[in-house]
Amino acid sequence: MRDYDEAIDFLGEWGPFQRLIFFLLSASIIPNGFNGMSVVFLAGTPEHHCRVPDSANLSSAWRNHSIPLRLQDGQEVLHSCRRYKLATLANFSARGLEPGRDVNLTQLEQEGCLDGWEFSQDVYLSTIVTEWNLVCEDDWKTPLTTSLFFIGVLLGSFVSGQLSDRFGRKNILFTTMAVQTGFSFLQIFSINWEMFTVLFVIVGMGQISNYVVAFILGTEILGKSVRIIFSTLGVCTFFAVGYMLLPLFAYFIRDWRMLLLALTVPGVLCVPLWWFIPESPRWLISQKKIKEAEDIIRKAAKMNNITVPAVIFDVELQELKSVKHEKVFILDLFRTWDVAIITIMFLLLWMLTSVGYFALSLNAPNLHGDAFLNCFLSALIEIPAYITAWLLLRTLPRRYIIAGVLFMGGGVLLLIQVVPADYYIFSIGLAMLGKFGITSAFSMLYVFTAELYPTMVRNMAVGITSMASRVGSIIAPYFVYLGAYNRILPYILMGSLTVLIGILTLFFPESFGTTLPETFEEMQKMKGFRSRKKTRESMKPEENSKIQITEF
């Protein structure tokens with residue numbers, strides 16, 4: 001009895017067909033990079049203060065002193081949400097009194113920004129913040145916008161795999177690309193914050209669905225030796241490329257509506273990929289569409305200049321056999337005390353690593369210096385982080401390398417608080433080094449989780465832990481929000497939590513150099529488990545030990 005990989009072994013691993021699929025599917029991820037992080041510029045908050053209308057009848061001296069000062073990071077700046085009461089200032093101005101000389105400004109009554117705000121256009125011509133005045137009493141709407149986007153990501157990760165199982169990988173891939181691009185385009189015509197945010201949730205659903213389905217399609221079409229490289233360097237690196245393009249677009253396009261229009265264009269350019277990316281032959285076989293699957297393999301063989309066997313898929317193909325699987329449920333991840341502890345530790349590890357990754361990414365434009373350069377550097381640092389993670393995974397124990405990069409990432413974030421304000425370049429360097437460590441750890445979690453759990457619950461374990469990371473991304477914008485009150489506070493929190501989960505990682509079992517466990521009994525024999533007790537009799541090896549990890 002042959003399985004699928006044996007049946008198509010004649011195609012080879014890295015021919016022209018495989019290279020084409022690798023790069024086209026990776027290229028389809030590029031729009032995900034800038035759509036996923038576009039909110040950092042679409043919802044950028046420029047410097048602002050209360051508007052003083054011309055009708056206030058103030059002298060130039062009183063107009064220049066109409067906004068109170070406040071301390072921010074040790075420096076006096078104009079208050080963003082308060083002004084001195086204009087009726088009082090107009091009275092002083094009419095009487096010819098001078099601010100600071102005849103009148104003590106600190107004793108004057110203040111009021112809110114009753115006439116709106118004046119926003120600096122040094123960085124942005126317009127954002128959704130300046131469009132709908134999402135500042136002061138409404139400043140909570142900005143992080144909520146980002147969190148709701150990630151709630152859309154969470155919802156999309158629930159349904160994307162199921163939809164692709166039902167309707168096919170290729171159909172759902174291009175449908176979700178259309179959803180991401182189409183609803184991004186509709187956002188341009190938003191008439192209020194509520195409309196923009198609802199559409200943004202749908203964009204989030206399409207964004208993650210496109211990513212997941214492209215990942216599934218690539219792992220099913222490509223051979224064994226290429227799948228790991230595709231799922232790490234291919235998908236992750238091209239996501240980072242898209243992320244790097246975002247600040248380049250934003251630098252030249254400072255208006256949020258025009259920026260959003262420019263970001264939809266690459267999605268439209270992906271339409272011709274429909275004629276080059278095939279359906280997954282594995283999925284077609286699972287639907288008993290043998291003829292269509294064979295046609296795809298024959299075209300691939302022709303592209304690779306390989307002679308095709310007379311019969312590619314016979315009726316005894318393993319995927320067509322009805323295989324008995326032991327029924328498993330989510331509670332099986334907590335079936336013994338030791339396994340439950342490992343699951344809870346993984347949930348915390350995924351969630352808090354995600355908080356650090358997204359908080360650092362979203363906060364990049366708020367660092368000292370040029371917002372666009374900082375965002376570009378935040379994206380650029382991800383590429384060596386992914387390469388480093390791939391190299392470390394090949395040769396070193398999992399828990400030590402993950403803990404090591406987390407200690408490094410969290411440690412340098414904690415150092416930012418001792419850097420003098422004048423040395424902001426050094427602070428930026430530490431923030432980027434922290435992003436490097438956390439990104440490396442994040443990219444290694446899929447492999448570590450998949451290696452520790454047994455076959456019967458492996459997909460479920462990767463699914464539930466990656467869902468925890470979505471919860472972390474929803475929380476992350478509020479870490480950035482804290483920076484408006486204290487520039488250092490987000491780094492203290494992120495650094496402390498990152499070091500904490502680095503310590504937590506050291507208490508995991510070690511999976512390096514061991515075979516993938518088939519049962520909970522084998523899982524509990526791994527180095528690092530305190531208990532070697534056998535699990536209950538129902539834990540039998542699966543008859544089908546083939547493994548495929550679906551990224552959520």
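The values are calculated or read from the model by the stated rules, or taken from the named source; none is laboratory data. Because the structure is a prediction, the values reported are computed rather than measured. Backbone-built Cβ (ideal geometry, glycine too); neighbour counts: all protein chains shown. The protein model used for the area step is the full one, side chains on, heavy atoms only, and it has no ligands, DNA or RNA in it. Shrake-Rupley method; radii C 1.70, N 1.55, O 1.52, S 1.80 Å.
Among the residues making up region 385-434, those that are polar (S, T, N, Q) and surrounded by fewer than 16 Cβ atoms within 10 Å (Cβ to Cβ) are 395, 417. Against the conditions (1) surrounded by 13 or more Cβ atoms within 10 Å (Cβ to Cβ); (2) under 29 Å from residue 363 (Cβ atoms), residue 120 satisfies every one except (1).
From the list 40, 52, 77, the one residue that fits, being more than 39 Å from the chain's Cα centre (by Cα) and either of a type in the set (Lys, Arg) or on the phi < 0 side of the Ramachandran plot (or both), is 52.
Taking the criterion of being part of a helix (DSSP H, G or I), of a type in the set (A, V, I, L, M, F, W, C) and touching a helix residue (DSSP H, G or I) at 6+ places or on another chain (Cβ under 6 Å), the residues of region 23-35 that qualify are 24, 25, 30, 34. Every residue in region 124-143 that is surrounded by 19 or more Cβ atoms within 10 Å (Cβ to Cβ) and either in contact with a Gly (Cβ under 7 Å, 6 or more places away or on another chain) or closer than 18 Å to residue 359 by Cβ (or both), please. Those that are surrounded by 19 or more Cβ atoms within 10 Å (Cβ to Cβ) and either in contact with a Gly (Cβ under 7 Å, 6 or more places away or on another chain) or closer than 18 Å to residue 359 by Cβ (or both): 124, 127, 129, 142, 143. Taken over region 51-71, the residue count meeting the criterion of being open to solvent by less than 10 Å² (accessible area, probe 1.4 Å) and either in contact with a Phe, Trp or Tyr (Cβ under 6 Å, 6 or more places away or on another chain) or in a loop (DSSP other than H, G, I, E, B) (or both) is 2. From the list 184, 209, the one residue that fits, being open to solvent by less than 10 Å² (accessible area, probe 1.4 Å), closer than 23 Å to residue 129 by Cα and part of a helix (DSSP H, G or I), is 184.
Residues in region 291-310 that are touching a Leu at 6+ places or on another chain (Cβ under 8 Å), open to solvent by less than 50 Å² (accessible area, probe 1.4 Å) and without any contact (Cβ under 8 Å) to a residue 40 or more places away in the chain: 293, 296. When region 171-181 is limited to residues that are touching a helix residue (DSSP H, G or I) at 6+ places or on another chain (Cβ under 7 Å) and closer than 23 Å to residue 220 by Cα, the one that is surrounded by the fewest Cβ atoms within 10 Å (Cβ to Cβ) turns out to be 174. Pairs meeting the criteria (first residue in region 76-102 and within 14 Å of residue 57 (Cα to Cα) and of a type in the set (D, E, K, R), second residue assigned to a helix (DSSP H, G or I) and open to solvent by 40 Å² or more (accessible area, probe 1.4 Å), beta carbons under 8 Å, at least 6 apart or on different chains) are lacking. Every condition in (1) loosely packed, with under 13 Cβ neighbours inside 10 Å; (2) part of a loop (DSSP other than H, G, I, E, B) holds for residue 76 except the one numbered (2).
Any residue in region 91-105 that is farther than 30 Å from residue 250 by Cα, open to solvent by 80 Å² or more (accessible area, probe 1.4 Å), at pLDDT 85 or above and of a type outside the set (Lys, Arg)? Yes, that holds for at least one residue.
Working only within region 268-282, note down all residues that are open to solvent by 20 Å² or more (accessible area, probe 1.4 Å) and in a helix (DSSP H, G or I). 268, 269, 271, 272, 273, 274, 275, 282, listed by residue number.
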